[in-house]
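The values are calculated or read from the model by the stated rules, or taken from the named source; none is laboratory data. Worth saying up front: this structure is predicted, and the values here are computed from it rather than measured. Here the Cβ positions follow ideal geometry from the backbone for every residue, glycine too, while neighbour counts run over all protein chains shown. Only protein heavy atoms, including side chains, enter the accessible area calculation; ligands, DNA and RNA are left aside. Shrake-Rupley method; radii C 1.70, N 1.55, O 1.52, S 1.80 Å.
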Amino acid sequence: MDDETDIDDTLGHVAVVGAGAMGAGIAQVAAAAGHRVWLVDAAPGAAERAVASTRTALDGRVAKGRLGADEADGILDRIEVATAVGDLPACALVVEAVPESLELKREVFGALAESQPPSTMLATNTSSIDVDAVADAVADPERVLGLHFFNPPVAMRLVEVVQGSQTSRAFVEHAVRLVQAWGKTPVRCRSTPGFIVNRVARPFYGEAQRLVEAGVADAATVDHVLREHGGFPMGPLELTDFIGQDVNLAVGTSVWEQTGRDERYAPTRLQQQLVERGDLGRKTGRGVYRWEGGRAVLDQPDLELAARLVGGPVETDPLARTLAMLVNEAVDLVHRGEATAEDVDTAMMLGVRYPKGPIAWGRELGFDTVERTIVALDAAFPGGRYRPSPALRDGGLT
């Protein structure tokens, strides 16, 4: 499709392949926006169970007065179940939301390319797999892009619109308009490893894990510093427990592998050991912390130690290390032309609820200060993990 081709923005059919929590949520969002939606899953009964769960969730919102009964019925009436990809009608958009396996995603996209007309936009909800690798299964890759929704899709406003190297600009702009029509906030990015949120956020987890590994402070104290001094809604050790240590490790490992095993993204032994032991966090009842009733039982932080660490040497200051690395990562992504500074800040505030965008934080701290911190860390821990972005050396972003 030519980049100047207009795409019909009227409501068209939408299909979602994969009826897990993400797929079911995306289907509900599309149906709430007025689309007829088809939900399909290879597992027998999975799509039907997803529709039943959606009904329960909508009934709960009606009971709380957050949704009208007629509106809930309308959403459900617009969601149908298909038995196979080949049974889907011609759609304006198909979103793939199957597990994070490139082989599986390529299989789905190959089937979609054969059964859907060339005008159908094909989107993957992958959180970290290269869009170009997925698009290789399609003869016309210009219609393939990423629409990365965040969990839960009904509640989370952010959607990363990910452009592959062959994605048509017309399809990207159409996706942005569609996401906005669904009441979401789109941010554009190139298909860089981890996209925006999962790329920029790596230091938030990694720096905390390394401080605990090195015996600088216990997990509760590190989390306390990031919450109470940094303003983050949840400390990084608690957050990885909440996400699932296995899930967080898988995303981090994917970014590490896709960047040629760049030392900046190397997995920590601490997290690997948690996963090896099956201590995955909230879903297993034990991770860095013990979990009861869906909540972490947090240990008491060492407040005296926390006070000594903040403002002390950068190699032992959880806040200075984390903020410097977050800013460095964000500046580097913008410097490479993979996203705008505005979209990076929007993504991090909406996607992971950072109190400020890292670019805005860098301007506030001073990019020269951030660079000095990174250089000091590189001197203390040589090996390539701590290296300043060229944009920091040039005085940051204007």
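A few comments on the model shown:
- Mean Cβ count within 10 Å, highest first, over the residues of peptides 227-238, 202-213: 202-213, 227-238
- Straight-distance crosslink candidates among lysines, where the alpha carbon sits under 18 Å from residue 283 and sequence neighbours closer than 8 are dropped: none
- Over 26 Å between alpha carbons, listed pairs 105/184; 64/184; 64/356: 64/356
- The order of the peptides 70-79, 29-38 by mean Cβ neighbours within 10 Å, most packed first, is 29-38, 70-79.
- Taking the range 241-374 and dividing mean pair separation by its residue count, relative contact order in percent (alpha carbons under 8 Å, at least six apart): 15 percent
- Of the beta bridges in the chain, as assigned by DSSP with both residues counted there, near 30 percent are antiparallel.
- Relative to the dominant Cα principal axis of the chain, helix 102-115 is inclined by about 20°.
- Residue-averaged 222 nm ellipticity for the chain, from DSSP H runs of 4+ at -39500 (n - 2.57), nearest 500: -14000 deg cm²/dmol
- Sulfur and carbon atoms: percent of accessible area, the range 14-190 [1.4 Å]: 50 percent
- Accessible area per residue for the chain is 42 Å², calculated with a 1.4 Å probe on protein heavy atoms, without ligands, DNA or RNA.
- Residues in the range 272-286 carry Karplus couplings, in order, of 4, 5, 4, 5, 4, 7, x, 8, 8, x, 3, 6, 10, x, 8 Hz; the curve used is 6.51 cos²θ - 1.76 cosθ + 1.60 with θ = phi - 60°, and Gly or Pro positions show x.
- Sites listed here are GluC sites (Glu not before Pro) in the range 300-398 whose DSSP assignment is loop and whose Cβ has at most 12 other Cβ atoms within 10 Å, and the list is empty.
- Coupling constants for the range 374-383 follow from the phi torsions by the Karplus curve (6.51 cos²θ - 1.76 cosθ + 1.60, θ = phi - 60°), and in residue order they are 5, 4, 5, 5, 5, 5, 6, 10, x, x Hz; glycine and proline get x.
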